[in-house]
Amino acid sequence: MEAKVSIIMGSTSDLAVMESAAKIMDEFEIPFEINALSAHRTPEEVEKFAKGAKDRGIEVIIAGAGMAAHLPGVIAAMTTLPVIGVPIKASLDGWDSLLAIVQMPPGIPVATVGINGAQNAGILAVQMMALGDDTLKAKLVTFKEALKNKIVKANEDLSKIKYKFKTN
């Protein structure tokens, strides 16, 4: 089994957030790899990873980082693969990470999800890959339908709750 998605984090302390992306990969049965690489502490390894990812069969990279959060942008600068950045709430309520990832210079795009939004990063990666994969596209339709059904059920449950002044 060859990885198609690479989940990268700046430190294993980010795993609690990034595992949400891994769970999405498992749910959609997409082979993935997960590693810790630091743009600041292991720049040579980041360069080797980014420049070799496409040749290893990687189709999408999900990169999470906190604080200065340079990892997604550094990777995006060295590959033509789509990179999805996950800002990690490590300081300043995650605003530092969000701004560092979303404010990329022209020509170096990084798709960016919300702070600690690794689940959405995983779903976005699946959506990107589904553009050329009808089986994956069908799984996405089922996934989105389940999301809808969950809210419909929640609303039905809410309708059963009684309050003195509740009108519905």
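The values are calculated or read from the model by the stated rules, or taken from the named source; none is laboratory data. What you are looking at is a predicted structure, and each value in this text was computed from that prediction instead of being measured. Please note: Cβ atoms are built from the backbone with ideal geometry, for glycine as well, and neighbour counts cover all protein chains shown. Protein only, heavy atoms only, side chains kept; ligands, DNA and RNA dropped before computing areas. Shrake-Rupley method; radii C 1.70, N 1.55, O 1.52, S 1.80 Å.
The figures follow:
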quantity	calculated
Any pair with Cβ under 9 angstrom, 6 or more apart, that starts in the stretch 9-32 at a residue that is polar (S, T, N, Q) and ends at one that is assigned to a helix (DSSP H, G or I) and open to solvent by less than 10 Å² (accessible area, probe 1.4 Å)	Ser20/Ala118; Ser20/Ala121; Ser20/Gly122
Those residues of the stretch 75-93 which are touching a strand residue (DSSP E or B) at 6+ places or on another chain (Cβ under 9 Å) and modelled with pLDDT of 95 or more, in sequence order	Ile75, Ala76, Thr79, Leu81, Pro82, Val83, Ile84, Gly85, Val86, Pro87, Ile88, Lys89
Failed item in (1) open to solvent by less than 30 Å² (accessible area, probe 1.4 Å); (2) touching a helix residue (DSSP H, G or I) at 6+ places or on another chain (Cβ under 6 Å); (3) part of a helix (DSSP H, G or I), with Lys137 passing the rest	(1)
Given (1) closer than 15 Å to Ile7 by Cα; (2) of a type in the set (Val, Ile, Thr); (3) open to solvent by less than 40 Å² (accessible area, probe 1.4 Å); (4) part of a helix (DSSP H, G or I), index of the condition Ile101 fails	(1)
Residue among Asn116, Asn120 that alone is touching a helix residue (DSSP H, G or I) at 6+ places or on another chain (Cβ under 6 Å) and either surrounded by 11 or more Cβ atoms within 10 Å (Cβ to Cβ) or closer than 17 Å to Ile24 by Cβ (or both)	Asn116
